[in-house]
Each structure stands twice: as structure tokens, then as C-alpha cells.
1. Report every pair of residues separated by at least 6 positions or lying on different chains whose Cβ atoms are under 8 Å apart, first residue within segment 101-120 and farther than 19 Å from Gly179 by Cα, second surrounded by fewer than 15 Cβ atoms within 10 Å (Cβ to Cβ).
2. Counting only residues that are surrounded by 15 or more Cβ atoms within 10 Å (Cβ to Cβ) and outside any strand (DSSP E or B), how many does segment 192-207 have?
3. From the residues in segment 24-33 that are assigned to a strand (DSSP E or B) and not aromatic (Phe, Trp, Tyr), which one is nearest to the ligand (Cβ to nearest atom)?
4. Any idea which residue in segment 265-304 is farthest from Gly418 (Cα to Cα), counting only those that are of a type in the set (D, E, K, R) and either buried (at least 19 other Cβ atoms within 10 Å of the Cβ) or within 16 Å of the ligand (Cβ to nearest atom) (or both)?
5. Does at least one position in segment 51-66 carry a residue that is over 19 Å from Val148 (Cα atoms), of a type in the set (S, T, N, Q) and not in a loop (DSSP other than H, G, I, E, B)?
6. Looking only at residues in segment 74-116 that are within 13 Å of the ligand (Cβ to nearest atom) and of a type in the set (Ser, Thr, Tyr), which one is farthest from Gly283 (Cα to Cα)?
7. Is at least one residue of segment 261-279 assigned by TED's automatic domain parsing to the domain that holds Ala219, more than 22 Å from Lys155 (Cα to Cα) and either assigned to a loop (DSSP other than H, G, I, E, B) or small (Gly, Ala, Ser) (or both)?
Amino acid sequence: MPQREPIGVIGTGYVGLATAAGFAELGSEVFCVDIDADKIQSLREGEVPIYEPGIEQLLAKHSTRIHFSTDASNALEHARLLFVAVGTPPTHSGDADLTAVHQVVDSIPAADASSRHALVMKSTVPCGTGASITRTFAATDKAAVAYVSCPEFLKEGTAVDDFLYPDRVVVGDAGDWAGDAVVELYRPLLGPEHQGAGSAALVRTDIASAEMIKLAANAFLATKISFINEIANVCEEVGADVVEVARGMGLDERIGPKFLQAGIGYGGSCFTKDVSALKLLAGNSGYHFLLLAAVIEVNELQKRRVVAKLQRHLGALPGKRVALLGLAFKPHTDDMRGAASLVLAARLAAEGVHVRAFDPVAEERARTLMPDLDYATSAMDAVAGADATVLVTEWPEFLALDWGEVAAAMAGTLVVDGRNALTADVIGAAGLRYEGIGRAAAHQPALRAADEAMAAGPEGVRA
Ligand SMILES: NC(=O)c1ccc[n+]([C@@H]2O[C@H](COP(=O)([O-])OP(=O)(O)OC[C@H]3O[C@@H](n4cnc5c(N)ncnc54)[C@H](O)[C@@H]3O)[C@@H](O)[C@H]2O)c1
């Protein structure tokens with residue numbers, strides 16, 4: 001393998017570790033830096049502080065060429081390109097908090113013209129951040145430090161694969177050596193039209209456009225989810241089935257089938273904060289982004305609709321027992337940021353419901369956010385004695401539950417499928433009442449039979 005450029009990675013969270021492992025797999029020496037000394041100590045000992053499939057194995061495979069430190073001096077000495085993957089959480093106002101990014105900018109030492117360092121921004125930042133940092137560099141003794149925007153599109157749960165097999169690589173730069181060097185690093189992942197061995201498209205553009213691509217992509221995906229959730233809610237009113245509707249819509253190649261799964265709302269750190277950050281970025285520039293205001297509101301209401309569903313079926317909620325299956329914002333991650341479970345558990349507790357929850361990997365993080373929640377040791381432990389069970393996160397082990405056993409363990413019969421991931425007939429056959437999001441009984445034979453039996457009165461029920 002030809003000599004690959006060594007790199008620095010600042011911030012060792014989901015994105016930083018995937019970037020480090022991914023570039024190490026492609027042959028680079030990687031110098032990781034984080035301010036969290038405990039995290040760095042764990043990583044040095046081979047312990048990965050996040051749950052992300054495949055990452056532990058890849059970091060172990062390349063342990064000799066991935067270095068961890070709380071001190072940036074090794075990274076600065078050995079690497080020209082410093083990939084920044086620090087957090088950019090929302091502030092109280094919903095704007096992006098750039099404190100960590102500014103800490104990194106401040107920590108870059110003075111650079112003379114011979115210096116060959118570049119900040120490569122993987123963190124999601126508002127459009128205009130690169131221009132502002134470049135101005136800061138120019139106004140200080142760091143004018144020689146280059147800047148590249150290289151937004152990350154990986155998804156938690158599939159971060160390693162997403163990094164190694166991206167749809168596209170976006171490089172926003174001033175057309176200088178640093179942009180060229182970043183493209184070179186990604187070359188193996190690019191398609192043959194870019195002399196690569198992979199299949200990714202390359203979007204080489206200006207810095208502001210690269211920043212905007214990331215925000216616009218996340219805002220569009222969130223819009224698609226809120227749109228299908230609104231359709232689901234209308235389906236419930238008019239007797240249509242959103243799964244059928246989404247299937248019919250998604251076959252139109254202009255629409256596509258992805259992100260058309262109705263449910264109890266999107267979560268995660270990225271959609272929630274990036275949609276809000278883009279809306280406020282527009283607002284701060286004098287433009288009222290009306291559509292995103294609706295996308296956000298629809299999502300918040302969607303998380304709360306489950307409470308109304310429970311109320312409709314169970315009657316008065318105080319004293320009822322509800323099992324939550326799943327807490328993480330999606331399966332295959334322990335990330336609790338923006339998780340629908342946070343809103344749902346809080347709303348149910350406020351209604352006087354006893355909530356008992358189980359998540360196969362997110363319990364530790366969930367406990368820091370919801371210390372008073374009743375945590376079960378397994379899915380079956382969670383549903384024991386419950387009046388209703390709500391599927392919050394579609395972990396495979398929940399989809400494979402023996403619903404006959406669940407029915408026997410529950411006190412009540414209601415199952416709310418918050419992700420439309422269960423099979424209504426299987427639930428119905430177990431003697432449980434299935435309630436999805438935007439599902440019509442007409443498309444669920446067991447439910448239809450139960451409804452018809454009820455409509456026919458006691459005779460019908462017995463039959
Ligand atoms: N998580 C995702 O799926 C995802 C996907 C695409 C883009 N992004 C973006 O990437 C960025 C990082 O996200 P994440 O989920 O990996 O965050 P994270 O919170 O998991 O990790 C951030 C890391 O940065 C470290 N850090 C903070 N300040 C630092 C400093 N001054 N110097 C060194 N390290 C510092 C923290 O200790 C932490 O380990 C965010 O801007 C996010 O929006 C995230």
C-alpha cells in the first residue's frame with residue numbers, strides 16, 4: 001500500500017472514532033485528541049466508550065497506528081490535516097453551540113508561512129462558520145492555517161460502513177493544497193470517475209455550500225419523516241393505511257422509499273439540532289423558514305400522540321402500568337440524544353402512569369437522563385403486569401419476541417407499535433390488540449376480524 005497521509009482527529013465521539021478507524025483502515029496513521037481524559041484512558045486500554053457495531057474491532061485491528069492523547073502536540077507534529085469532530089450541541093435558544101469548535105481553533109498554535117496545517121471540519125456547523133474561522137486565522141498569527149469543510153453523513157448504528165462506503169464525499173475549500181489533500185485521502189472511496197476504487201461521488205465546492213449541504217440534507221430528511229407522519233395521522237382519520245400509502249409513494253423514483261416510515265417522531269442528536277440550527281440560522285439572517293418550523297412542531301406533537309392513543313384505549317391513565325420497549329433514539333446505538341423515549345416517559349409519568357422500560361444497550365446513558373425511571377432487566381421483565389406495551393425502538397430482539405408469552409405476562413392487551421415494525425397479525429393472533437401509527441384495520445386481517453366480532457356483539461365475540 002502506498003504511504004498514506006497521517007491525520008489528526010480532534011474529538012473521539014461517534015464521528016471522531018469512525019473517522020479514525022476508517023482512515024486507519026485505509027492506511028493512515030491517526031493521532032486522536034480529546035479533552036475527556038477518562039475517555040482517552042479507556043480508548044488506550046482498548047475499551048470503546050460508545051456502542052457502535054464494528055468500531056471496536058476496527059480500532060483493535062489498527063491499534064498500532066491509532067494513537068490517543070489529551071494533548072494535541074503529537075497530532076500537530078505528525079499530521080497536516082486535523083479533522084475536527086467535536087460536539088456542536090444546541091444552545092438554549094436552539095442555535096448551534098460552537099464552544100468546542102472555538103476551543104479547537106484557539107488551541108491551534110501560531111503558524112508561519114512554512115506551516116502546513118489545515119482544520120478539516122467534520123462537525124456540523126452553521127453556514128458561515130468556515131468564513132468566520134478563516135477571518136479569525138487571518139486576523140491573528142495563524143493566517144497560514146488552511147480550512148476545509150468536509151461534513152460527515154454517517155449514521156449511528158452503521159457508522160463504520162457509512163464511512164467506508166459513502167454515497168458522496170463533500171469537500172468545501174478555497175481550492176488550495178488542503179482541499180487537494182483531503183480529496184486524496186478519500187480517493188480510495190471515490191468512484192472510478194475520480195480515479196478511486198469505490199463508488200462515492202465527489203462534490204468539491206466552496207466552504208459555505210459544503211456547510212449548507214449538510215444542514216439542508218438533514219433538514220430534508222427530517223421533513224420527509226414529518227411529512228409521512230402527518231400523512232399517517234390523516235390516514236387514521238380517513239381509514240387509510242400509511243404503510244400501503246408509503247409503499248405506493250416510494251415506488252415513484254422521484255420520491256423513493258427511504259425515510260417514509262411513519263412512527264413516533266425522529267430523534268437523535270443530529271436531526272433535532274440541525275433542523276433547529278438551520279431554522280435559526282435563516283431567522284438570524286432575516287429569513288423566516290416557515291416549513292422547518294412546521295417540521296419541528298409536527299415531530300414534537302408526534303412523540304406525544306402515543307399518550308393520546310393510550311388514553312383512548314386504557315381510559316384514565318393514573319395508576320396504569322406501561323412498558324416501554326427501547327429507549328435509544330434508534331436501534332443499534334446507545335445514543336439517547338433527542339430520543340422520543342425521553343418525551344414519552346416524562347409525559348406518561350406526568351399523567352400518573354407507572355413506566356417500566358427496557359433497552360438492550362442504552363440503559364446506562366438513559367439512567368443519567370432519567371434516573372427515576374423503573375428499568376427492567378429484559379423485555380419480558382418490562383411487559384410483566386403491564387396494561388399496555390409501547391414499542392419505542394425497533395431493536396431486532398423486540399421484533400422476535402414470542403407475543404404469546406408477552407400476552408400471558410401482560411395484565412392488559414394493548415400493544416402500541418410506535419415504529420410500525422411489528423406484524424399486526426402476529427400480535428392479534430396472540431390475543432393482543434395492535435395499534436400502530438397510521439395503520440388501518442382494513443389491512444390487518446386479525447384486527448378486522450376482532451373489530452367485526454365486536455361489532456357483531458356477544459354472539460360474534462364468542463364465534
Ligand atoms: N453522531 C452522528 O451521527 C453524527 C453524524 C454526522 C455529523 N455529526 C456531527 O459531528 C459532530 C460530532 O458528533 P458526535 O456525535 O461524534 O459527538 P460526541 O459528543 O459523541 O463526541 C464529541 C467529542 O468531542 C470531544 N471534545 C469536546 N470538546 C473538545 C475539544 N475542545 N478538544 C477535543 N475534544 C473535544 C468530547 O469530549 C467528545 O468526546 C457534531 O457536530 C455532530 O453534529 C454527528
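1. Ala110/Thr140; Ala110/Asp141
2. Here the count works out to 5.
3. Among those that are assigned to a strand (DSSP E or B) and not aromatic (Phe, Trp, Tyr), it is Val33.
4. Here the answer is Lys279.
5. Scanning segment 51-66 turns up at least one residue that is over 19 Å from Val148 (Cα atoms), of a type in the set (S, T, N, Q) and not in a loop (DSSP other than H, G, I, E, B).
6. Top of the filtered list is Ser107.
7. Within segment 261-279, none of the residues are assigned by TED's automatic domain parsing to the domain that holds Ala219, more than 22 Å from Lys155 (Cα to Cα) and either assigned to a loop (DSSP other than H, G, I, E, B) or small (Gly, Ala, Ser) (or both).
Rundown of residues vs (1) part of a loop (DSSP other than H, G, I, E, B); (2) farther than 14 Å from Phe163 by Cβ; (3) more than 8 Å from the ligand (Cβ to nearest atom), yes/no style:
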{"site": "Arg4", "(1), (2), (3)": "yes, yes, yes"}
{"site": "Val15", "(1), (2), (3)": "no, no, no"}
{"site": "Gly22", "(1), (2), (3)": "no, no, yes"}
{"site": "Ile35", "(1), (2), (3)": "yes, yes, no"}
{"site": "Asp38", "(1), (2), (3)": "no, yes, yes"}
{"site": "Leu43", "(1), (2), (3)": "no, yes, yes"}
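The values are calculated or read from the model by the stated rules, or taken from the named source; none is laboratory data. Predicted model, so just to flag it, every value in this text is computed and none were measured. All Cβ positions, glycine included, derive from the backbone under ideal geometry; neighbour counts span all protein chains shown.
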